[in-house]
1. Would you please give the residues with an amide H less than 5 Å from that of Val262, counting only those at least 5 places away or on a separate chain, with H modeled from the backbone geometry?
2. For the stretch 251-264, what does the Karplus curve 6.51 cos²θ - 1.76 cosθ + 1.60, with θ = phi - 60°, yield as ³J(HN,Hα) per residue in whole Hz, taken in order and with x for Gly and Pro?
3. Using the per-residue mean of other Cβ atoms lying within 10 Å as a proxy for protection, in what order, highest first, do the peptides 207-220, 126-139, 241-254 fall?
4. Short version: ³J(HN,Hα) in whole Hz for each residue of the stretch 173-189, in order, from phi by Karplus 6.51 cos²θ - 1.76 cosθ + 1.60 (θ = phi - 60°), x for Gly and Pro, what are they?
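Just so it is clear, none of the values below were taken in a lab; they were calculated from the coordinates. Computed from a predicted model, the values in this text were never measured in an experiment. Here the Cβ positions follow ideal geometry from the backbone for every residue, glycine too, while neighbour counts run over all protein chains shown.
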Amino acid sequence: MQTSNVLIGAGSRPAQPLIRTIHLRDLRDALAKGVDDFYAMPTHAMFLCIIYPIVGFVLARLTFGYSVLPLLYPLTMGFALVGPVAALGLYEMSRRREAGLDTSAANALDVLESSSVGAIAALAFFLFVIFMIWVAVANAIYIANFGYAPPASVTAFLHEVLTTPAGWTLIVVGNGVGLLFAMLVLSIGVVSFPLLLDRDVGAAVAVLTSIRVVTHNPATMLVWGLIVAGLLVIGSLPLFFGLTVVMPILGHATWHLYRKAVEPEGAPPPTFPSKQETHRYAADFPAVLFPWAK
């Protein structure tokens, strides 16, 4: 029964949310609302997304320290494949602000207590598997063009990639394959996580709904994918610090895009355990900072 709930939600039969037709003006409006959410909750958003530049620096350090320089670009760009998972807290904050609820940073973790958490975890694991496959494929493409020998230096690596036929092949084939992975993740993840936060529909229904949104609005969703890719590249350029602004805006905007793409009626909302107000004492610090660990 528990497995069934993870796949199809809490209802007696799988829900089929209704899909809307969306246009370019809807993308602009979703981005505008994402910016508005960011301005309304900038400290929270920065708190949730500060991990992005940290991970970027860690990836760069591992690359230069362990002779896996060819994987720096695939790791950085492939990190966007798990972006929908990292933006869960942002979706929740936008949902709460839309509903007029408290939007403190601690509320972003309420998703861990949602009845949809099993479906969210299953879908997150699936995206991480896709990410690992992408890294393996990218590494295989590099080896096919340059062999197993590591680059002699950063300068030599850039020279080989940018000025040789093998490097040009690597760029074209690597980016082409990466585009396919990005299209796959866009199709299964563009509204699936917001839908699971909003309704208890299960992972299978959420993925199917996301695919239906993309196939029903192919041109508009292609533009959305290009917008996401372009903003991620721009945010990555200044040593990844730009992602602390880009990621919150995209995360909030994705919630509003979900609202425009999927009809609000349908399956029941997720359930949360009731919270009892308790007195807090100085002796409880720092445990009160981690309520989910109680």
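1. Arg20
2. With the stated coefficients, the stretch 251-264 comes to x, 5, 5, 5, 4, 5, 5, 4, 4, 7, 8, 10, 4, x Hz.
3. Values: 207-220: 18.6, 126-139: 16.2, 241-254: 23.9.
Most protected by this proxy first, the peptides run 241-254, 207-220, 126-139.
4. Ordered by residue, 3J(HN,Hα) equals 5, x, 5, x, 5, x, 5, 5, 4, 5, 5, 4, 5, 4, 5, 8, x Hz.
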